[in-house]
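This report concerns only the one structure given below.
The values are calculated or read from the model by the stated rules, or taken from the named source; none is laboratory data. Source: prediction; values computed, not measured. Cβ: placed from backbone, ideal geometry, glycine included. Neighbour counts: every protein chain shown.
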């Protein structure tokens, strides 16, 4: 969901750059005075946006200006890798020590980047820059300061969380637009009045409010109620305190007691039209400015934004992205200049015009480019008005980890019919505390001595090689040795790849799994932990849920896949044109990229407008919420996997063709019925292939990643946080590579054990006599 | 008779169910922006928007460049994969040597290793080789036999060749390398095609490696460009589906062209274990 | 032209012994047939000579030069396989020319030699075909051509005729014989078919259970089998082997005492060829169990006590099952073997 929030903000960045006024350049005297030849063969790598964004042309314009100013300089604009990868790509560049001069990060990542020493302190550059004037920017810029007050980046765009409302819908129910100081009670009353079953079919189809449910969006309720996430020193969670519990109970009440709330489709699936957009919710929020980008196409009703309703006090949270100069910049001077340009007047105004964030530069935020008097919403000023009450999330080194630690409990509070809010809050608090405590002792841990990893790696490799040489039996004669040599020669390419890409990295992962290491740091900075990571696994409820989800997915998808593939193969085994054509159609989904599979199924399974629920509803069948229901999300992925069952089907068809039809005919003559023939003749002949398909199916099932990564990101709760996904998140989101490596090894051991067991058990039912001689 | 009709109906229903999501994808891709999801095929009769495809291509960036990059990566991967895996498969199937079983177990064990397990160390390897932001990290794993399953497939295939062919060739003066090249490979055409198609699909659809390793826009690939469509507010579903269809099309074409040999390879894989 | 010495060659795979240490010499230009039932180790021996398998012990010499360390290609031998082993993806021309191509012989010379070989074997018209389009006989002829074209020092045949039907087999057998007389290349020929062995071989080596039983010229082996195995393996119908005891110089069989046994006492086996037994008025008594009339001759199946024997003659028209007959034979028709190790006495 972070991507979702980034998405809107991301195009924020451009206006300043375009202006790059001479004055500014004059201050950067060193770069300005450089002779042209000095720029030859120099590059400035800028990664702040996606090519498909509307802001890209503005960026290109900046690029041209820069290149014209510094002849020979090559400004490279790079995609962030799509919303799916946009947090990961800068990290890979940092890890890879690749030149990256200007990047855009989310303010919630700032703490982590800062703690890992991943950013360049801009303060010295400001000091040399006479044109720099911090008062040109809104106070949100302070979100990018470290404890000393040094500034590390300039705001691209930001947004406080506000409430969207459907003015027409409220009016139709005799209600006014919310006043600026409206309260929770006002909200509740309005929601009650606007929740209706329009077509009388027993299902509510118009809700008072469509709620958002990620931590950043839920936090305002807690703040409004006088609670907080962490104590002032950032060492202890306050989520278990009564204020927080009461706030969450109120939000939960809207959903499950008052039943005046639902979730907007945008939560899971921002590409589809949400409830609010469809005119079926009076309120939508708390959510940021970026939604105006989607809602600008709404023609059917009038909508606007209001501050969030007050509880005991007014409060809201802030999202922001900022331009930074990463540690791996090779041209910090130029990078600084580019950042100034991006945060400058022209580019900020461009971002304001495009409209998916509030520009950080005051002049742009107050300009007509942002306020857009002729375009909805009418009250853009609300986003500026609420700033005094707005706060960032706590500036922790690893906010993302905390958010993930809480997210599953949070989702169960909001989603589940039955939930003890206080207990869930207690669990959130306990997990957060445990994590914070661990972070504090981290720094005290011993470093892994220099070269340990290399030493361990080379020793293990040598050991494996030695073991292989020692164990491979007596020395044969000359001819056999010549044969052996040619065999080894033919295996060289594979062996190289094996060592470089599998064995070596797997060993390295094993070593890392005994350490604490952030991929943003040098490998030499890893801290020795021993088996702590594995011990943590044993008590980590998320890991247990992840294991359970993966196991249930495998337990369902593997046998069902086998059955379906077998049934299809029996149905389609003929040579006729019809069967051949049908076979092709059944197989084709198996060649579709998982990314596309996930994209298409996301829409097919959409609870509100998806094709599947549409059909189910028409047949009078229940319509589950699929990927949004913790009980249905695993079945949803099973369904997706069944769609790609064509490969297994083909293997079965091939095996059926190879099978001895005489045996079947003999059984037919002996009077065996269809079922008996299948059970006693056909299946035994297929048994080696069944084993084969089961093995492959098992491997694939346990390694499912792309689909949940794109569709649910592990939710709701942890219901689809499959092992590889959790591994990935631990390593790349929480920057806890050691823990991720431990998961990897557990997964590997699990797979090896399962595979071995399956193979062992197979001796009972696999009829090797069924093998055909070549 | 009724059994045949029943079977026929079942067949048609199955095929249509499996085709449905792709038809849906095409249908959405042809709708007017904002109407794709709720829209039906019938709308397309009077209100089709093939220009979505043009828009999608344009949003993806320098399409010819993307296509060329993807083709280069794919072709190199296929060539490398076929050579390395068939070499290793031949050695495992046709040469007696000490430690063969142990090495083969190592090959199979790699299949159990999730890609993500080795991602970071692998990244460090490529970084230290100075290969980041080149095609090497995308191609080298394939060239160096990165897919153990294919080694397994080739081994199975070569096991089906009569031993006398190899013996005859050895007596005729061939070393194993020559036998592999002149005898085994030409006879393994179905398996070459099968593995070739699998590699093609893997390389063509690979999103993870380009994401991790490619940074320069001039080296970007189609799937990466497609990924940048995902979950972005600026992109209409209709354009995203159009882009998906564009990226998918070559896979379908390659599959249909090579289908016959591909199925023969699958046949071998299925009938010999 | 070469002389092959097989000196103490043995082979075992783990614990199972496939070949006992075995020595054999194939003279220059000789056609030596290795004859034995399936599983006797004859193909293993051939593959050891070819270099496809490595011997567990022993030496191989070709013209006095050690070859057991040489790779197959370096031994200058050619081999013809039972299943032809033609390269399916190459035309007949390419198949025959393949060894030359591998050896780096020029295109023109290869073409000339392929043409010459094809002419010798009558394959001219088939040169562009693929093996799949050939009959069994044609395929084996191509395989012959592929062996011939190299002009090797040693020819190896591994049951080359087993996959052919009877008529083709005869035809090709003659052809192989003719080729050998033409080229006079030293040849090692493995078969389980005694007709091939008898007609082709200048000498025959009999192999059973990994042991060499006898080496000799065909008629010699036939008339003086060195062991009871050889006696039973050669000849059709096979030699009758009758087990019994010699007491004071006489062998007791069917109630009569047969003299001439080379030992004074002990268990022996008496070998009698079906053709060399006559029915007389006295001698070992036997009961006729069955009569098979083949036209030009008649087979009588007999039981002598608990043992069985076959007699084959042209003059047995009147014989009927149930009759009792008496066997007589010339003393030189009797082959005596030690009952324990089967060796000729």
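Name the residue that is surrounded by the most Cβ atoms within 10 Å (Cβ to Cβ), counting only residues in the range B:91-102 that are part of a helix (DSSP H, G or I) and either at the interface with chain A (Cβ under 9 Å from one of its Cβ atoms) or touching a helix residue (DSSP H, G or I) at 6+ places or on another chain (Cβ under 7 Å) (or both). Step by step, filter the range B:91-102, then rank; the result is B:91.
Table: residues versus (1) surrounded by 22 or more Cβ atoms within 10 Å (Cβ to Cβ); (2) under 17 Å from the mean Cα position of the chain (by Cα); (3) without any contact (Cβ under 8 Å) to a residue 24 or more places away in the chain; (4) not assigned by TED's automatic domain parsing to the domain that holds residue A:397.
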| site | (1), (2), (3), (4) |
| --- | --- |
| A:680 | no, no, yes, yes |
| A:686 | yes, no, no, yes |
| A:704 | yes, yes, no, yes |
| A:710 | yes, yes, no, yes |
| A:736 | yes, yes, no, yes |
| A:741 | yes, no, no, yes |
| A:744 | yes, no, no, yes |
| A:755 | no, no, no, yes |
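Among the residues of the range A:597-611, are any more than 26 Å from residue A:693 (Cα to Cα), free of Cβ contacts under 8 Å to residues at least 40 places away in the same chain, part of a helix (DSSP H, G or I) and over 26 Å from the mean Cα position of the chain (by Cα)? Within the range A:597-611, not a single residue is more than 26 Å from residue A:693 (Cα to Cα), free of Cβ contacts under 8 Å to residues at least 40 places away in the same chain, part of a helix (DSSP H, G or I) and over 26 Å from the mean Cα position of the chain (by Cα).
Based on what the data block shows, is residue A:690 outside any loop (DSSP other than H, G, I, E, B) and over 19 Å from residue A:513 (Cβ atoms)? Outline the logic, then answer.
Details: outside any loop (DSSP other than H, G, I, E, B): yes; over 19 Å from residue A:513 (Cβ atoms): yes.
For residue A:690, the condition - outside any loop (DSSP other than H, G, I, E, B) and over 19 Å from residue A:513 (Cβ atoms) - is met.
Just one of A:437, A:397 is within 23 Å of the chain's Cα centre (by Cα) and surrounded by fewer than 22 Cβ atoms within 10 Å (Cβ to Cβ); which is it?
Working: A:437 fails: within 23 Å of the chain's Cα centre (by Cα).
The conditions single out A:397.
Among the residues making up the range A:117-128, a single one is at pLDDT below 90 and touching a helix residue (DSSP H, G or I) at 6+ places or on another chain (Cβ under 8 Å): A:118. Of all residues in the range B:123-140, those that are in contact (Cβ under 8 Å) with a residue 12 or more places away in the chain, facing another protein chain (nearest Cβ under 7 Å) and either assigned to a helix (DSSP H, G or I) or under 21 Å from residue A:747 (Cα atoms) (or both) total 1. When the range C:130-144 is filtered for residues that are without any contact (Cβ under 8 Å) to a residue 60 or more places away in the chain and assigned to a helix (DSSP H, G or I), the ones remaining, listed by number, are C:131, C:132, C:133, C:136, C:137, C:138, C:139, C:141, C:142. When C:17, C:93, C:61 are checked against the criterion of being within 30 Å of residue C:110 (Cα to Cα), in a strand (DSSP E or B) and more than 14 Å from every other protein chain (Cβ to nearest Cβ), C:61 stands alone in meeting it. Quick one: in the range A:633-659, which of the residues that are facing another protein chain (nearest Cβ under 7 Å) and touching a helix residue (DSSP H, G or I) at 6+ places or on another chain (Cβ under 6 Å) is surrounded by the fewest Cβ atoms within 10 Å (Cβ to Cβ)? Per the stated criteria, the residue is A:658. Here residue A:292 passes the criteria (1) in contact with a helix residue (DSSP H, G or I) (Cβ under 7 Å, 6 or more places away or on another chain); (2) under 30 Å from residue A:227 (Cβ atoms); (3) surrounded by 22 or more Cβ atoms within 10 Å (Cβ to Cβ) except the one numbered (1). Please determine whether any residue of the range B:158-167 is within 15 Å of residue B:91 (Cα to Cα), buried (at least 21 other Cβ atoms within 10 Å of the Cβ), more than 7 Å from chain A (Cβ to nearest Cβ) and under 24 Å from the mean Cα position of the chain (by Cα). Yes, the range B:158-167 contains at least one residue that is within 15 Å of residue B:91 (Cα to Cα), buried (at least 21 other Cβ atoms within 10 Å of the Cβ), more than 7 Å from chain A (Cβ to nearest Cβ) and under 24 Å from the mean Cα position of the chain (by Cα). If only residues of the range A:501-523 that are free of Cβ contacts under 8 Å to residues at least 60 places away in the same chain and under 26 Å from residue B:143 (Cβ atoms) are counted, the one that is surrounded by the fewest Cβ atoms within 10 Å (Cβ to Cβ) is A:504.
The number of residues in the range A:57-81 being within 11 Å of chain B (Cβ to nearest Cβ) and free of Cβ contacts under 8 Å to residues at least 12 places away in the same chain comes to 1. Residue count for the range B:77-90 satisfying the condition of being closer than 16 Å to residue B:160 by Cβ and at the interface with another protein chain (Cβ under 7 Å from one of its Cβ atoms): 1. Residues that are modelled with pLDDT under 85 and closer than 27 Å to residue A:341 by Cα within the range A:376-414 comprise just one, A:395. The residue that is nearest to residue A:346 (Cα to Cα), counting only those in the range A:139-150 that are surrounded by fewer than 20 Cβ atoms within 10 Å (Cβ to Cβ) and in contact with a helix residue (DSSP H, G or I) (Cβ under 8 Å, 6 or more places away or on another chain), is A:139.
A quick yes/no check of all residues on (1) farther than 23 Å from residue A:710 by Cα; (2) not in a helix (DSSP H, G or I):
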site: A:623; (1), (2): no, yes
site: A:636; (1), (2): no, no
site: A:653; (1), (2): yes, no
site: A:684; (1), (2): yes, no
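Taken across the range B:48-66, residues that are crowded, with 21+ Cβ neighbours inside 10 Å, under 24 Å from residue B:136 (Cα atoms) and more than 9 Å from chain A (Cβ to nearest Cβ) do occur, with at least one present. Identification of helices (runs of 4 or more DSSP H) wholly contained in the range B:155-273 with 3 or more residues that are over 27 Å from residue A:711 (Cβ atoms), touching a residue at least 12 places away in the same chain (Cβ under 8 Å) and in the same structural domain as residue B:103 (by TED's automatic domain parsing) yields B:163-171, B:189-205, B:237-271. Restricting attention to the range A:606-626, the residues being at pLDDT 80 or above and buried (at least 21 other Cβ atoms within 10 Å of the Cβ) number 1. Taking the listed residues A:24, A:20, A:59, the one that is modelled with pLDDT of 85 or more, surrounded by 19 or more Cβ atoms within 10 Å (Cβ to Cβ) and touching a helix residue (DSSP H, G or I) at 6+ places or on another chain (Cβ under 7 Å) is A:59, with no other qualifying.
For the structure I just gave you, tell me whether residue C:156 is within 28 Å of residue C:239 (Cβ to Cβ) and either assigned to a strand (DSSP E or B) or touching a strand residue (DSSP E or B) at 6+ places or on another chain (Cβ under 6 Å) (or both). Lay out the reasoning, then the answer.
On the way: within 28 Å of residue C:239 (Cβ to Cβ): no; either assigned to a strand (DSSP E or B) or touching a strand residue (DSSP E or B) at 6+ places or on another chain (Cβ under 6 Å) (or both): yes.
So residue C:156 does not fit the description; no.
Out of A:715, A:731, A:755, A:738, report the one residue that is more than 9 Å from chain B (Cβ to nearest Cβ) and out of contact with any strand residue (DSSP E or B) (no Cβ under 6 Å at 6 or more places or on another chain). Spell out how you get there, then give the answer.
Values: A:731 fails: more than 9 Å from chain B (Cβ to nearest Cβ); A:755 fails: more than 9 Å from chain B (Cβ to nearest Cβ); A:738 fails: out of contact with any strand residue (DSSP E or B) (no Cβ under 6 Å at 6 or more places or on another chain).
On inspection, the qualifying residue turns out to be A:715.
Within the range C:64-83, being away from chain B (no Cβ under 11 Å) and touching a strand residue (DSSP E or B) at 6+ places or on another chain (Cβ under 7 Å) holds for C:66, C:67, C:68.
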